Amino acid sequence: MLHEKLLRPASIAVIGGSDHIDHIGGSVLKNLIDQGFKGQLFVVNPKKDRVQGITSLKNVSFLPQIDLAIIAIPADDILASVRELIAKKETKGFIIYAAGFSELDDSGASLEKQIADEISASGGSLLGPNNIGMINQHYAGIFTRPLPLIDRTGLDFISASGATAVFTLEAAQQIGLRFSNLFTVGNSAQIGVEDILEHLDKTFNSKKGSPVKMLYLEDLKNPKKLLKHALSLRQKGCSIIALKSGVTEKGNAAAASHTGAMANSDLFVQALFDKAGIIRCKSRYELITLGAILQTTHLKLKNFAVITHAGGPGVIVTDTLSENGLVVPDLDENHRNTIARQLYPGAATANPIDILATGTAGQLEKVINYCENELSEIDAMIIIFGSPGLGSVNEAYEVIHQMIKKCRKPIFPIFPSVVNVKNEIAEFIKKGHMAFSDEYSFSSCLAKVMGNQPPMSDSGLNPIPDQVKIRSLINSFSDGFLEPDKAHQLLEHFGIPVAKQVLIKSENQLLKATKDFNYPVVQKVVGPLHKSDHDGVLINVSSDDELIANYRRLIQNKEVTEILIQEMIKGKEVFIGAKREASFPPLIMCGSGGIYIEALKDYTSVLAPIDRSEAINMVDQLRIKPILMGMRGEPSCNLEALYDALEKVSKLMQLVPEITELDLNPLILNKQDIVAVDIRIRIEK
């Protein structure tokens with residue numbers, strides 16, 4: 001938890017404060033003064049008696065007891081000051097701006113750890129180093145400008161990067177987005193993004209706290225903590241939006257299975273966000289647009305009236321919403337005629353409602369009122385109003401201002417003329433409103449918000465197998481990929497059906513071992529990473545002669561150690577995979593199976609645990625789903641068996657942490673059951 005003296009200090013000392021407001025120490029001091037910090041404010045500067053009108057002390061030893069130290073001095077000078085502040089000034093809050101720590105070299109990392117350890121041992125809280133600080137309603141502890149719009153009803157922003165936070169705040173000011181809290185963590189020597197989210201979760205008050213949390217993430221040091229508190233906040237009614245950078249595909253080219261090839265780091269991140277109900281964005285402009293929409297309303301909206309005086313932007317909004325599952329419904333003839341009588345000839349009234357470039361503020365007001373009071377099928381209004389620079393928009397913007405206050409239905413204003421009516425937009429924002437500028441960006445973000453589903457809940461999975469027997473099995477396995485018979489044994493223990501098979505190591509075993517099989521059978525090589533690359537999967541083998549001839553040819557491959565004989569099962573090929581990545585819960589994957597799985601990219605993924613509703617949702621998203629349901633007279637496959645297998649694989653991965661990679665490809669799904677016919681399971685103890 002964050003110390004109260006970091007969040008609400010009664011006294012602040014700026015160590016390294018100066019008169020130069022273009023320097024860090026001078027800029028943060030000016031921000032504290034300009035925002036009107038109501039507590040005691042001190043400055044430490046050995047070269048000055050007064051700094052920005054405040055008495056300056058020569059070093060920290062002259063300070064009284066201090067709640068919060070904002071440290072704006074070089075890295076090498078910080079440890080001594082921190083020790084003095086802890087030992088003699090009872091300081092519990094620390095913000096350190098300086099770079100030159102763990103992001104630089106091992107020596108810097110060692111110094112950073114010393115500072116963090118001493119602050120932690122004292123029970124204090126450290127934000128940074130290598131950050132821009134924090135700002136809330138009590139004080140402006142950042143050195144950057146301009147200061148964001150701070151409001152109790154604003155959103156909470158946690159950023160791993162100071163620079164990204166600055167650029168995001170600048171963009172936010174352009175649309176009127178307000179903030180309740182801003183935290184930048186920098187190197188996260190003690191406090192990371194996950195820790196602040198935990199604090200916001202544990203202290204959340206629905207009557208006072210912000211219902212919107214905005215995150216910029218780089219490294220995910222504790223994904224499970226992020227997931228836990230994001231889920232908790234979502235269940236309390238909050239919305240969370242996030243921008244994640246620094247995701248790359250590492251080592252996938254040499255992956256040892258289909259799962260390994262596809263389950264890159266970004267897939268884990270996306271699955272975590274999906275599990276928690278976090279809305280993901282790809283840019284800071286998308287981040288602030290999503291934040292502004294959520295700050296406008298938390299209602300789930302489906303049907304929109306688009307009101308415009310420019311036909312093109314109205315069509316773009318309509319197309320974008322329609323392509324993303326939202327509706328701009330056509331109005332019936334009576335409504336169209338009624339609206340038309342209030343507008344100039346030539347106005348379009350079917351929805352979008354185009355009042356024409358010559359439309360007046362009064363006409364705009366009449367249309368808004370009609371949508372509010374007469375169109376029961378409309379949930380919200382999107383108003384597009386710009387200017388070619390030939391006249392004033394003040395009256396129109398005043399109408400929109402008044403209608404936002406008056407109407408029950410949400411109104412989203414899009415003001416595209418960011419140059420021609422820059423001042424009018426600024427005035428509109430001063431009145432407490434949001435003003436979007438791009439119709440496509442707004443519409444696509446609106447669709448993301450309205451399409452965001454609540455996080456899934458664990459509703460109780462399949463019965464837990466005998467864990468004593470599981471441990472006995474796992475203890476008998478060696479590291480690496482399991483041999484086929486052992487992999488089958490493990491799956492059978494979890495109730496996942498497997499194809500009947502036998503391993504053949506010599507020609508003498510061949511015909512004896514197949515007496516229990518009926519032709520046709522399947523022959524597979526054991527040893528090569530990808531059997532199909534070696535022509536190592538032969539189906540519809542229908543006689544002893546064919547079986548022997550195939551064996552003699554296949555066993556000559558130096559990579560082949562054994563030949564697998566397996567019963568031939570007919571049905572549709574599907575795939576289930578699982579993989580672990582450091583600190584994340586296991587990732588479970590499902591898709592269309594076979595050798596083209598990477599090329600087709602028809603798969604979905606969810607973090608374990610998986611309940612039945614999540615399993616159903618995974619399958620529903622697959623392009624192969626209509627084929628599994630049965631086409632052109634074919635029988636429907638047993639989808640319940642597929643859902644059940646997904647839940648069981650999830651449970652397997654939870655109960656056996658030694659499994660790092662699992663690949664069931666293909667499983668054969670038919671109208672009776674699902675059967676695993678090719679299995680790869682990697683164990684790392």
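The values are calculated or read from the model by the stated rules, or taken from the named source; none is laboratory data. This is a predicted model, so every value here is computed, not measured. With ideal geometry, Cβ positions are generated from the backbone for all residues, glycine too; neighbour counts draw on all protein chains shown.
Quick look at the values:
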quantity: Test: residue in region 634-656 that is within 20 Å of residue 476 (Cβ to Cβ), in contact (Cβ under 8 Å) with a residue 60 or more places away in the chain, among the aliphatic types (A, V, I, L, M) and in a strand (DSSP E or B); calculated: no
quantity: Odd one out for residue 172, checked against (1) surrounded by 24 or more Cβ atoms within 10 Å (Cβ to Cβ); (2) out of contact with any Gly (no Cβ under 9 Å at 6 or more places or on another chain); (3) not β-branched (Val, Ile, Thr); calculated: (2)
quantity: Residue among 489, 523 that is among the polar types (S, T, N, Q), crowded, with 19+ Cβ neighbours inside 10 Å, touching a helix residue (DSSP H, G or I) at 6+ places or on another chain (Cβ under 8 Å) and outside the structural domain of residue 669 (by TED's automatic domain parsing); calculated: 523
quantity: Number of positions in region 121-132 that are under 19 Å from residue 183 (Cα atoms) and touching a residue at least 60 places away in the same chain (Cβ under 8 Å); calculated: 6
quantity: Residues located in region 382-408, provided they are assigned to a loop (DSSP other than H, G, I, E, B), hydrophobic (A, V, I, L, M, F, W, C) and within 34 Å of the chain's Cα centre (by Cα); calculated: 385, 407
quantity: Lone unmet requirement of (1) more than 24 Å from residue 432 (Cβ to Cβ); (2) at pLDDT 95 or above; (3) crowded, with 24+ Cβ neighbours inside 10 Å; (4) in the same structural domain as residue 288 (by TED's automatic domain parsing) for residue 177; calculated: (1)
quantity: Within region 139-197, tally of residues that are of a type in the set (Val, Ile, Thr) and either part of a loop (DSSP other than H, G, I, E, B) or out of contact with any Ser or Thr (no Cβ under 9 Å at 6 or more places or on another chain) (or both); calculated: 4
quantity: Counted residues, region 323-337 - those being surrounded by 14 or more Cβ atoms within 10 Å (Cβ to Cβ) and of a type outside the set (A, V, I, L, M); calculated: 4
quantity: Condition check for residue 368: closer than 17 Å to residue 400 by Cβ, assigned to a strand (DSSP E or B) and touching a residue at least 40 places away in the same chain (Cβ under 8 Å); calculated: no
quantity: Residue 46 under 19 Å from residue 23 (Cβ atoms) and out of contact with any strand residue (DSSP E or B) (no Cβ under 8 Å at 6 or more places or on another chain); calculated: yes
quantity: Failed condition for residue 440, given (1) in a helix (DSSP H, G or I); (2) within 16 Å of residue 310 (Cα to Cα); (3) out of contact with any helix residue (DSSP H, G or I) (no Cβ under 7 Å at 6 or more places or on another chain); calculated: (3)
quantity: Close pairs (7 angstrom Cβ cut-off, 6 or more residues apart or separate chains): touching a residue at least 12 places away in the same chain (Cβ under 8 Å) in region 83-111, crowded, with 19+ Cβ neighbours inside 10 Å and aromatic (Phe, Trp, Tyr) anywhere; calculated: 97/143; 108/101; 111/101
quantity: Residue under evaluation residue 496, criteria (1) surrounded by fewer than 12 Cβ atoms within 10 Å (Cβ to Cβ); (2) of a type outside the set (Phe, Trp, Tyr); (3) part of a loop (DSSP other than H, G, I, E, B), criterion not met; calculated: (1)
quantity: Single residue of 588, 616, 624, 610 found to be touching a residue at least 40 places away in the same chain (Cβ under 8 Å) and either among the hydroxyl-bearing types (Ser, Thr, Tyr) or more than 14 Å from residue 272 (Cα to Cα) (or both); calculated: 624
quantity: Within region 233-266, tally of residues that are assigned to a helix (DSSP H, G or I), at pLDDT below 90 and either surrounded by fewer than 22 Cβ atoms within 10 Å (Cβ to Cβ) or under 15 Å from the mean Cα position of the chain (by Cα) (or both); calculated: 7
quantity: Subset of region 150-164 [hydroxyl-bearing (Ser, Thr, Tyr) and either under 19 Å from residue 24 (Cβ atoms) or in contact with a Phe, Trp or Tyr (Cβ under 7 Å, 6 or more places away or on another chain) (or both)]; calculated: 159, 161, 164
quantity: Which listed residue, of 308, 318, 296, is polar (S, T, N, Q), in contact with a Pro (Cβ under 9 Å, 6 or more places away or on another chain), modelled with pLDDT under 95 and surrounded by 18 or more Cβ atoms within 10 Å (Cβ to Cβ); calculated: 296
quantity: Count of region 213-225 residues which are farther than 21 Å from residue 162 by Cβ and in contact with a helix residue (DSSP H, G or I) (Cβ under 8 Å, 6 or more places away or on another chain); calculated: 2
